[in-house]
2 protein chains.
Amino acid sequence: MLYLVGLGLADETDITVRGLEVVKKAERVYLEAYTAILLVDKEKLEAFYGRPVIEADREKVESASDEILADADKVDVAFLVVGDPFGATTHTDLVLRARELGIESKVIPNASIMSGIGCTGLQLYNFGQTVSMVFFTENWKPSSYYDRVKENVQLGLHTLVLLDIKVKEPSLENMARGRLVYEPPRYMTVAQCASQMLETEEERQEGIFGPDSLAVGAARVGAADQKLVAGTLKELAEVDMGRPLHSLVLIGKRAHDLEKDYIQQFAVDWATFDANWQKGGYGSM
Amino acid sequence: MLYLVGLGLADETDITVRGLEVVKKAERVYLEAYTAILLVDKEKLEAFYGRPVIEADREKVESASDEILADADKVDVAFLVVGDPFGATTHTDLVLRARELGIESKVIPNASIMSGIGCTGLQLYNFGQTVSMVFFTENWKPSSYYDRVKENVQLGLHTLVLLDIKVKEPSLENMARGRLVYEPPRYMTVAQCASQMLETEEERQEGIFGPDSLAVGAARVGAADQKLVAGTLKELAEVDMGRPLHSLVLIGKRAHDLEKDYIQQFAVDWATFDANWQKGGYGSM
């Protein structure tokens, strides 16, 4: 049996009781280690599970999945995923490959950032589609996300923006020299996301959002040091929210006053937040 | 401290290790028992936690919350919520009331149906806003949900439809006679939801969906007997998916072929599903 086990969002104790039972008795335990991270390292997980954990990078999961699935028709294999196994990243490929090999799968759900973002007090009912923000480079500033945000904004819906992480990326400079060296990991911050959004708006000029648009930055959702900050994109572009992972919600104008009552406690500056709420026509759609 | 603890979706073992630690040491343990249910009863939870559990109905949470919060500035109180505390139902009211009383709160996240529905293989990125379907009566068939579904359909996005449950509802007939008697609990089925959707379309005639529109019914997400069925609304209106809780996803036309590859394993009838996929222009937006 292949078990896809959600680990939740913050640390080793966020696994469910059922998930932990599975991990403890599995023959092999893999950790999907390239789309999200927990706030604790592999050694801490191993100590908590009492089991060795094999890190699976993108290449192993996408191209060498038969190694993960070896013998899983006879023994139990646990594949651990930060968040939920079918959340922000969907591991349907692995399940389909298992099925081709005659291997059954079971999913152990857990909190995902897609629902955990409810901790902002913004109603999950009022979210439109989710978008991803990648790291811009000098010559590559993809703005297809802007079209999806536009659809949400026009309906007055909130948009969850998931932020890029780069873990175990080969260094292009070194590859050119024939050496496989990995770049240090990078995690996009709320400030970087807000400032890239403003950069896209500058370029596209469609007035979908701007420096005064209201948003909420979220860091380390579910952890003891979870941090939420509400403010304008201009304010968030300057904010320091500490260590990863971060995400951002662009607030839609169909927002309720009840949502405002909750999020204003996180405002960078309450008066600015309130003024922009009125000026922007939030709560009036 | 007030702890809002997510219980996840299926049974007592879906609580997280961290959540269980909180429950075991809390002075009082309340269970929010009116917006969703686990598939196990209160006695099973009490046996698993080794603690008495106090059921909190809507009235207690919304009007008598100070009873729940009593002394929570000095002792730990755990408030258990099926799914995630800020998922489909947001318990921000209780947190705000606690704050007014000078009581700190902490949230322990867990799987919510809002992310657990990813088990269908439909990408959470491609969902628009979520809607709720209430039980229609002879004279009351609210169709405001239809306007929101329309917005999703026009963008080609999936729609998660959450289905009504009626737990501890006073019997109107008995209330008229001055007696407080509760109706037996009722849980909407996928079949009932699909047939109410077709009824609304009959009435509104805007062609937003119809008997041939494709959808996925989900029952008992995360449980050992989880069941998924994909088919047309006409087919789903006839399907028996067993005991609660159920939900339904109306598939958007922006669907990818990868999503189809995954969901077709759940089709009532593969040929019908495939024919309607082609005919309806799914995957072409």
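The values are calculated or read from the model by the stated rules, or taken from the named source; none is laboratory data. Only a predicted model underlies this, so the values are computations on that prediction, with no experimental measurement involved. A quick note on method: Cβ atoms are made from the backbone with ideal geometry, for glycine too, and the neighbour counts reach across all protein chains shown. Calculation scope for accessible area: heavy atoms of the full protein, side chains included, ligands and nucleic acids excluded. Shrake-Rupley method; radii C 1.70, N 1.55, O 1.52, S 1.80 Å.
Accessible surface of chain B, 1.4 Å probe: 49 percent of it comes from carbon and sulfur atoms. Here the sum of -39500 (n - 2.57) over DSSP H runs of 4 or more residues, divided by the residues of the protein assembly as shown, equals -8500 deg cm²/dmol at 222 nm, to the nearest 500. Less than 5 angstrom separates the built amide H of residue A:171 from those of A:181, A:182, A:183, all sequence-distant by 5 or more or on a different chain. The angle between the Cα long axis of helix A:270-279 and the main principal axis of chain A comes to about 70°, on a 0 to 90 degree scale. As a length-normalised measure over Cα pairs under 8 Å and 6 or more apart, the relative contact order of chain B settles at 18 percent.
Database remark: amide H of residue B:162 closer than 5 angstrom to the amide H of B:131, B:132, B:133 (H placed geometrically; neighbours at sequence offset of 5 or more, or on other chains; Pro and chain starts carry no H).
For chain B, the share of DSSP beta bridges that are antiparallel, to the nearest 5, is 50%.
Electrostatic tally near residue A:74: other residues with Cβ closer than 13 Å to its Cβ, Lys and Arg +1, Asp and Glu -1, net -4. Using 20 Å as the Cα-Cα cut-off, could you pick out the over-long pairs in B:60/B:168; A:25/A:106; A:253/B:166? Violating the 20 Å Cα-Cα cut-off are A:253/B:166.
Protein heavy-atom accessible surface, 1.4 Å probe, per residue over segment A:114-280: 43 Å².
When only the Cβ of Lys, Arg, Asp and Glu is charged (+1, +1, -1, -1), the dipole of segment B:2-111 relative to its Cα centre reaches about 300 debye.
Sparse packing (at most 13 other Cβ atoms within 10 Å of the Cβ) combined with a DSSP loop state is found for the following trypsin sites (Lys or Arg not before Pro) in segment A:56-116: A:74. Rounded to the nearest 10 degrees, the angle from helix A:190-204 to the longest Cα principal axis of chain A is 60 degrees.
Pairing chain B with chain A buries about 4300 Å² of accessible area. This figure sums both sides and uses a 1.4 Å probe.
Rounded to the nearest 20, the size of the Cβ-charge dipole of segment A:114-280 about its Cα centre is 520 debye, with Lys and Arg at +1 and Asp and Glu at -1. For segment B:114-280, the calculated P(r) over all alpha carbon pairs, in 5 Å bins from 0 to the bin holding the longest distance, is 1, 9, 18, 21, 20, 13, 8, 5, 3, 2, 1, 0 percent.
The share of alpha-carbon pairs in chain A lying farther apart than 32 Å comes to 32%. What residues of segment A:1-20 lose no less than 40 Å² of accessible area with every protein chain in place versus their chain by itself (probe 1.4 Å, heavy atoms only)? SASA drop of 40 Å² or more in segment A:1-20: A:13, A:14, A:16, A:17, A:18.
Springs between Cα atoms under 10 Å define the GNM used for chain A, and in it the highest mean-square fluctuation of A:223, A:88, A:111 occurs at A:223. Evaluated at q = 0.14, 0.16 Å⁻¹, a Debye calculation over the C-alpha positions of segment A:2-111 (equal weights, vacuum) places log10 I(q)/I(0) at -0.47, -0.62.
Residues of segment B:114-150 that bury at least 40 Å² of accessible area once all protein chains are present, compared with their chain alone (1.4 Å probe, heavy atoms only, ligands and nucleic acids left out), are B:114, B:115, B:124, B:125, B:129, B:148.
Averaging the Cα positions of each part gives two centres, and for segment B:84-143 and segment B:50-74 these lie 20 Å apart.
Short-range pairs are left out: with C-alpha atoms under 8 Å and at least six residues apart, the relative contact order of segment B:1-105 is 43 percent.
Computed log10 I(q)/I(0) for the protein assembly as shown at 0.06, 0.07 Å⁻¹: -0.30, -0.41, from the Debye equation with unit scatterers placed on every C-alpha and solvent omitted. Considering only beta bridges that DSSP places wholly inside segment B:1-136, some 10 percent are antiparallel.
The chain B residue nearest the rotation axis shared with chain A, using its Cβ and rounding the distance to whole Å, is B:115, 2.
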